[in-house]
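What follows is a set of notes on a single structure, which appears directly below.
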Amino acid sequence: MAAAVLPASRVPDSKDAPSLRWGIMGPGWIAERFTESVQAHSRQVIAAVGSRSLSRSKEFAEKFGVPAAYGSYEELASAPDVDIVYVTTPHNFHHSAALLALEAGKHVLVEKPIGLNAEQARDIAARARSAGVFATEAMWTFFLPKFDIIRQILEAGTLGTVTTVVAEYGEHFNRTHRIFDPALAGGPLLDLGTYPLALIIELLGAPERMHVLGQPHESGVHAQLSAIMGFAGGSQAVMNTQLHNFTPTAATIVGSQATLTIDGPFTMPGGFDVRFPDGTQLRHNEPTGGHFEGLHYEAAAVARCIAAGRTESLERPLDASVRTLEAADEIRRHLGITFPGDDRTKEEL
């Protein structure tokens with residue numbers, strides 16, 4: 001029998017979360033969006049910013065009213081006026097930047113992907129657990145209220161057995177974007193593909209087998225990646241990610257009793273439908289939003305976790321980040337993709 005109504009989100013108002021003093025490590029585009037979002041929608045305080053360029057730090061600080069600006073990552077990590085470091089450096093430096101903060105006793109929220117590979121993710125997890133401080137990956141999609149509702153639907157068995165997941169993410173980028181730079185772990189996999197891949201792994205676990213196709217780009221990165229994955233019990237998933245142009249960025253979760261389709265872009269605030277074989281359809285409506293409307297949820301969730309004494313988030317446990325990067329590593333193995341830093345567990349900052 002089809003469910004009569006959808007559950008309500010259990011995500012509290014971000015303004016109700018206790019305040020933390022945040023240090024931004026790497027004042028780039030996502031750091032700006034995060035700062036805009038938390039300043040508008042929460043009580044979190046952006047207390048400091050650090051960059052290898054003091055002028056960039058000062059520019060960011062002036063733009064967003066941040067009281068402290070540092071000219072090195074080391075200074076930010078050791079700053080006494082910072083409770084937690086948000087790592088937003090280029091991918092190659094996520095691991096070493098996170099270690100700087102952890103070694104200074106700071107909590108960390110590391111922009112996705114948490115590392116270049118599963119080895120780096122495991123290392124961050126081990127060091128955070130050993131130090132007894134909080135660490136999690138900033139996979140902001142999983143902190144959105146709509147994903148709390150989706151989790152409740154799955155936990156209630158409304159979909160039945162999940163048999164198939166289809167998810168994709170594509171964007172168009174200016175040719176000067178770092179995504180085309182092989183030296184910065186470019187290509188769509190870590191920037192875009194991590195979203196559909198993380199969703200698939202969240203729903204179905206680690207794949208048992210995988211078939212992968214790749215399309216090279218003249219820049220030396222891959223322009224497009226597709227993977228078909230098989231899981232224990234026979235479930236399957238299809239993932240595509242590419243940098244040719246914008247796509248719907250849609251996601252569909254097929255179950256034996258119902259199908260859940262998330263409006264594109266599934267990574268951001270928005271609605272979804274649950275459809276049953278008898279024609280019944282349940283709709284979750286919420287305003288379509290972007291980073292401004294959504295990034296504050298992960299910051300508030302992190303603040304609540306730390307206040308409660310937890311060292312990782314329920315929405316994005318460290319083991320889930322490791323599993324996602326294990327799948328990404330396998331995709332790269334099929335295509336022979338290597339990144340600078342793959343053979344090192346700590347890069348120079």
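What residues from segment 157-186 fall in the zone where the backbone N is under 17 Å from a label point 7 Å along the Cα-to-C-beta line of S256? Within reach of a label on S256, which here means backbone N under 17 Å from a point 7 Å along Cα→Cβ, segment 157-186 contributes 157-165. Summarising the overall dimensions of segment 32-92 from its C-alpha atoms, the Rg and Dmax are 11.1, 31 angstrom. Solvent-accessible surface (1.4 Å probe) assigned to H291 amounts to roughly 40 Å². A simple rule links phi to the HN-Hα coupling: the Karplus curve 6.51 cos²θ - 1.76 cosθ + 1.60 with θ = phi - 60°, which for segment 196-206 gives x, 5, 4, 4, 4, 5, 4, 7, 10, x, 6 Hz, with x for Gly and Pro. Computed over protein heavy atoms with a 1.4 Å probe, the accessible surface of segment 60-155 works out to 29 Å² per residue. Think of a 1.4 Å ball rolled over the protein heavy atoms: segment 248-310 then has 40 Å² of accessible area per residue. The alpha carbon gyration tensor of segment 103-223 gives principal lengths a ≥ b ≥ c with a/c of 1.5 or higher and a/b no greater than b/c, which makes the shape oblate. Here T247 sits with roughly 40 square angstrom of accessible surface, probe radius 1.4 Å. Ellipticity at 222 nm from helices only: DSSP H runs of n ≥ 4 in the chain, each -39500 (n - 2.57), divided by the residue count, give -10000 deg cm²/dmol. Split the accessible area of segment 207-347 by element, probe 1.4 Å, and carbon with sulfur accounts for 51%.
Counting DSSP beta bridges with both partners in the chain, what percentage is antiparallel, nearest 5? Looking only at bridges with both residues in the chain, the antiparallel portion is about 55 percent. Apolar share of the accessible surface for segment 137-179: 53 percent from carbon plus sulfur atoms, 1.4 Å probe.
Rolling a 1.4 Å probe across all protein chains gives K63 an accessible area of roughly 120 Å². For segment 231-325, the relative contact order comes to 14 percent (Cα pairs under 8 Å, sequence separation of at least 6).
Look at the dipole of the chain built from charges on Cβ: of H91, G279, G336, the Cα furthest out on the positive end belongs to G279. Close amide H partners of A138, meaning residues 5 or more places away or on another chain with modelled amide H under 5 Å apart, are V110, E111, K112. For R43, the amide hydrogen comes within under 5 Å of the amide hydrogens of A17, counting only partners 5 or more places away or on other chains and with H modelled in the peptide plane. Placing dummy labels 7 Å off each Cα toward the beta-carbon, the span from D342 to H177 is 2.3 nm.
Please identify the trypsin sites (Lys or Arg not before Pro) of segment 144-217 that satisfy two criteria: DSSP loop assignment and at most 16 other Cβ atoms within 10 Å. Which are they?
Sparse-neighbourhood loop trypsin sites (Lys or Arg not before Pro): R175.
For the chain, go through all pairs of different Cα atoms, get the mean of 1/r, take its inverse, and jot down that Kirkwood value in Å. Roughly 20.6 Å, rounded to one decimal.
Under the criterion of Cα pairs below 8 Å and six or more residues apart, the relative contact order for segment 88-225 equals 20 percent. Put simply, the C-alpha atoms of segment 213-349 give a gyration tensor, and the ellipsoid matching it has half-axes of 29, 25, 18 Å, longest first. Taking θ as phi - 60° and the Karplus parameters 6.51, -1.76 and 1.60, the scalar couplings of segment 139-153 work out to 7, 4, 4, 6, 9, 5, x, 5, 6, 5, 5, 4, 4, 5, 4 Hz in sequence order, x denoting glycine and proline. Here the Karplus relation 6.51 cos²θ - 1.76 cosθ + 1.60, evaluated at θ = phi - 60°, turns the backbone of segment 97-109 into coupling constants of 5, 4, 5, 4, 5, 5, 5, 8, x, 8, 5, 9, 10 Hz, with x for every Gly and Pro.
The values are calculated or read from the model by the stated rules, or taken from the named source; none is laboratory data. Worth saying up front: this structure is predicted, and the values here are computed from it rather than measured. With ideal geometry, Cβ positions are generated from the backbone for all residues, glycine too; neighbour counts draw on all protein chains shown. Quick note on the areas: whole protein, heavy atoms, side chains included, nothing else; ligands and nucleic acids left out. Shrake-Rupley method; radii C 1.70, N 1.55, O 1.52, S 1.80 Å.
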